[in-house]
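Inspection log for the structure reproduced underneath, given as structure tokens.
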Amino acid sequence: MMWLVMAFVSAALLGCYDSFKKEALNANAVIPVLFLNTLFCSLIFLPFIFLSSFTSLLDGSQFHVPAAGWETHKYIVAKSLIVLSSWLFGYFGMKHLPLTIVGPINATRPVMVLLGALLFFGERLNLWQWAGVMLAVASFFMLSRSGRKEGIDFKHDKWIYYVVLSALLGALSGLYDKYLMAPPDNGGVGIDRMLVQSWYNIYQCFLMFAVLVLLWWPRRHRNTPFHWHWSIICVSIFLSTADFIYFYALSLPGAMISIVSMVRRGSVAVSFLFGALFFHEKNLKSKVLDLALVLLGMVCLYIGSE
């Protein structure tokens, strides 16, 4: 069950990533922050690519990036487009909504992954795991009630739709990850996880540079100005580490994308604490119940996976 332990570690790091992302976006321009995030993530993985290509230092290690041609890279480019679309919607939603609202919404993402896993990978859940899914669904409806107390109408607030769309695209990315890394005899492509993580960050950086130059730069004086904040670097560090552990978990024998994705959403506990302690967000009492349902769902999934 090492893959499940790795999923929990990734969840904790992902919660820190969400919290630093909220800080980086505070009264800041979204597109430059996202571009810098992709740039720093690329710089983290570039040494692994070069060392793997021109030396034998990383041969046989977890950090080795194998060479591949366009037949493989075209799948990674597709992943970059999916993830970057999810991030664009998610970053804009995160900027305009409380972290204690965004986190629990994102925590329902594995329900979407579950439906895809059932349809495309033939995964089956036991009663404990189904209980976890149902609790996650219930938490979303309770969260909409909590949001109304802060003047956030889930039916008419466009930023809510941004976050939900981000979650849908994120769920699609999770299913695509499983497809990319599953061996061909299991219906996948069988791409090495480090190859996926290293290169999709680099492709995203080029895509975001185009967005920055073509869309944001000509209109920068009419929109929210950009200012540098140290948390931007922390966003990249925690995201890269969380994703590295996530990909490693998926590559282990017996790993179930529906369970890994659900456990990873346990990051909401960390981001919720940041929202309460550092951002001083409101209406925490009712949101605690929403959070408790999500965490209880995580426990049910853990029991069901034993």
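The values are calculated or read from the model by the stated rules, or taken from the named source; none is laboratory data. Keep in mind that what you see is a predicted model, and the values were worked out from it rather than measured. Cβ sites come from the backbone with ideal geometry, for glycine too, and all protein chains shown count toward neighbours. These accessible areas exclude ligands, DNA and RNA; they are computed on the full protein's heavy atoms, side chains included. Shrake-Rupley method; radii C 1.70, N 1.55, O 1.52, S 1.80 Å.
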With respect to the numbered conditions (1) open to solvent by 80 Å² or more (accessible area, probe 1.4 Å); (2) part of a loop (DSSP other than H, G, I, E, B); (3) more than 20 Å from Leu180 (Cα to Cα), which one is the sole condition not fulfilled by Leu58? (1)
Tell me which residues, restricted to the stretch 65-84, are farther than 9 Å from Tyr200 by Cβ and among the polar types (S, T, N, Q). Thr72
Does Val196 qualify as being touching a helix residue (DSSP H, G or I) at 6+ places or on another chain (Cβ under 7 Å) and not in a helix (DSSP H, G or I)? no
Which condition does Val213 not pass, out of (1) farther than 22 Å from Arg109 by Cα; (2) touching a helix residue (DSSP H, G or I) at 6+ places or on another chain (Cβ under 6 Å); (3) not aromatic (Phe, Trp, Tyr), if it passes all the others? (2)
Pairs returned, first residue in the stretch 1-25 that is closer than 19 Å to Tyr91 by Cα and of a type in the set (A, V, I, L, M), second residue that is assigned to a helix (DSSP H, G or I) and open to solvent by 30 Å² or more (accessible area, probe 1.4 Å), beta-carbon separation under 7 angstrom, 6 or more apart or interchain, are Leu13/Phe238; Leu13/Thr241; Leu25/Lys95
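Yes/no matrix, rows are residues, columns are (1) within 24 Å of Leu165 (Cβ to Cβ); (2) of a type outside the set (Asp, Glu); (3) in contact with a Lys or Arg (Cβ under 7 Å, 6 or more places away or on another chain); (4) without any contact (Cβ under 8 Å) to a residue 12 or more places away in the chain:
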{"site": "Asn37", "(1), (2), (3), (4)": "yes, yes, no, no"}
{"site": "Ser42", "(1), (2), (3), (4)": "no, yes, no, no"}
{"site": "Thr55", "(1), (2), (3), (4)": "no, yes, no, yes"}
{"site": "Phe63", "(1), (2), (3), (4)": "no, yes, no, no"}
{"site": "Gly93", "(1), (2), (3), (4)": "yes, yes, no, no"}
{"site": "Val102", "(1), (2), (3), (4)": "yes, yes, no, no"}
{"site": "Ile105", "(1), (2), (3), (4)": "yes, yes, no, no"}
If you go through Leu13, Leu25, the only one that is open to solvent by less than 10 Å² (accessible area, probe 1.4 Å), closer than 19 Å to Val83 by Cα and out of contact with any strand residue (DSSP E or B) (no Cβ under 8 Å at 6 or more places or on another chain) is Leu25
